[in-house]
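Notes follow once the structure below has been shown.
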Amino acid sequence: MSPPLKWNDSTSTIQLLDQTLLPVEELWLELTAPEEMAEAIRALRVRGAPAIGIAAAYGSVLALREPHTDPASAVEAAIDLLESTRPTAVNLSWALRRIRGKIRPEVPQAALKASLLAEARAIESEDLDAGRHLGRHGLSLLESGMSVLTHCHAGGVATSGYGTALAPLIMASEADKRLSAYVDETRPLLQGSRITAWELGRAGVPVTLITDSMAGHVMAAGRVDAVIVGADRVASNGDVANKIGTYSLAVLANVHGVPFYVSVPLSTIDYSMPDGDGIIIEERVPEEITHGFGRQTAPVGVSVYNPAFDITPARLVTAIITENGIARPPYSESLVALRRQ
Ligand code: MRU
C-alpha cells in the first residue's frame, strides 16, 4: 500500500510524494499552504482522481495553519483556488463540496480546523475502504493465469493507497490467483511506465511494459484476457472520462472480444452529468508532447493538440466495478441501484 500523502498532526503540514520524479526518485515534499497544494495538483505532483480529491481536502485545512480574523472566508478562498486547478476529475469538486459543507462561520478557528480535518480524514478512509471492496469485486471477474492490460495509473498513489484498477491485481496473490499485467506506457506523461509498472513491480505482479500503440497487436495475438482501467469521471449513463488513449483501448478490446472493465469508487461517478458530452477535457501544454522525454522531439513551432483525457462511450464498457458491486448495462439503471445500497 502506498498512500500519496500524509497529514502531520504535530506540524499541521502535509507530506506529499512528488509523483513527477517516480520511479527514479521518491521525494516527499512538505506543504504548508493551500497555494502549495494547488501548485502540486496543477503540476501533477499528486495525480489520479481520488488522490487529488483527498489532497485538495487536506490542502484546504492548510488555510487554517495561521490565525485569521475570518477563518471561514480563508477556507472558502482556499477551496475556490484548489477547485480551479484541474477540470476533469470529479473527485476534486466532490471532496471540496464535502469540506465546504463543514464550514460554520460562527465556530472558532480551532474547532473549524478540527472539523475540516476530520472530514478530510473521512474522505481518505472511505476511499481506502472503497479500494478494498473494488479489489474484491474486480477479482471476482478474473481467473488465475489471466493477463490484464491497464492504462495510465490507478494504483495506490492515485488513491488513498489501495488503488482502483490495480486493486484486483494487487489482491490476487492473497486470493491464490496468479495474474500478470500488460502496462501501457501512457504518452505523453508516461504514468504507466513511471508509476503503474513501478507499483505493480513492488507488489510482485509480473509486468510487461508496452508503448500505447502496441495494445492492438498484443490483443490480436490473444495475449490479453481483460482490460481494466480507472476513471476521472463517469457520467450517469456510463460514459467514462479517463486518460487519453483509454477510448482507443476500449475500441480495440471490443474488436478483439476482450472485456473492458472500469474500476471506480462511487465518488468518481457524477450522477449530475447525463453523459460524456458535458465533461470538460483538460488540455495541457504543447511541451508535454514536443519535449516529453526531456529533450526536443518535434519541429520548433509545430502545432500541437494535447487533450489529457478522452471519453469512452458506455456501449464499449463491459462492466463498471464499484465498492458496492458491479454495474452492467444499462448503466443509467445499474449505477443508480448501486448508489442506493
Ligand atoms: O493526469 P492524471 O495523471 O491525473 O490522470 C490520471 C488518470 O487518468 C487515471 O487513470 C484516473 O485518474 C484513474 S485514478 C484511480
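Read the figures in this text as sums done on the coordinates, not as results from a lab. Only a predicted model underlies this, so the values are computations on that prediction, with no experimental measurement involved. Virtual Cβ from ideal backbone geometry, glycine too; neighbours counted across all protein chains shown.
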Using just the helices of the chain, give the 222 nm mean residue ellipticity in deg cm²/dmol: DSSP H runs with n ≥ 4 each add -39,500 (n - 2.57), and the total is spread over all residues, rounded to 500. -10500 deg cm²/dmol
Lys/Arg Cβ at +1, Asp/Glu Cβ at -1, dipole of the stretch 280-341 taken about the Cα centre: which of ALA314, PRO286, ALA337 is farthest positive-ward? ALA337
How do LEU5, LEU166, LEU139 line up, fewest other C-beta atoms within 10 Å first? LEU139, LEU5, LEU166
What does the highest-first list of 275-287, 207-219 look like by mean Cβ count within 10 Å? 207-219, 275-287
Mean separation of Cα pairs under 8 Å and 6+ residues apart, divided by the residue count of the stretch 161-226: what relative contact order is that in percent? 31 percent
With SER332 itself left out, Lys, Arg at +1 and Asp, Glu at -1 over residues whose Cβ is under 15 Å from its Cβ give -1
Pair SER144, ARG223: separation of 7 Å Cα→Cβ label points (nm): 2.4 nm
Please get the size of the charge dipole for the chain, origin at its Cα centre, with Cβ charges of +1 on Lys and Arg and -1 on Asp and Glu, quoted in debye to the nearest 20. 580 debye
With just the Cα atoms defining each centre, how far is the stretch 258-293 from the stretch 84-148? Give it in Å. 18 Å
Excluding residues fewer than 8 places away in the same chain, name every one of the lysines whose C-alpha is closer than 18 Å to that of LYS113. LYS6, LYS102
Unit charges at the beta carbon, dipole of the chain: most positive-side option, VAL183, ILE52, ASN324: ASN324
